[in-house]
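Here's the structure we're looking at; comments come further down.
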């Protein structure tokens with residue numbers, strides 16, 4: 001099944017980025033997916049197949065509650 005993404009979607013990855021952030025924003029679509037770390041701003045380009053293996057959850061930006069990006073919420077998800 002193909003990975004359904006839109007520009008602006010928020011991705012939660014299985015492993016955190018070295019900066020500590022686990023949330024990424026989709027900025028480019030195609031055979032490769034471009035995404036930006038929401039904590040440090042690093043841009044990363046991954047093949048769809050690699051992204052599908054590393055991805056934990058896709059959230060639409062309008063579906064996020066206002067406190068979804070708080071550090072307390074993210075630490076609860078890791079445990």
### Task
May I ask you to compute the full-extension gain from residue 4 to residue 29, defined as 0.36 nm times their residue separation minus their alpha-carbon distance, rounded to one decimal in nm?
8.0 nm
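If each residue of separation counts as 0.36 nm, what is the full-extension length gain between residue 60 and residue 45 once their alpha-carbon separation is subtracted?
Separation in residues times 0.36 nm, less the Cα-Cα distance, equals 3.4 nm.
Laboratory data are not the source of any read-out in this text; all were calculated from the coordinates shown. Note that this is a predicted model, so its numbers are computed, not measured.
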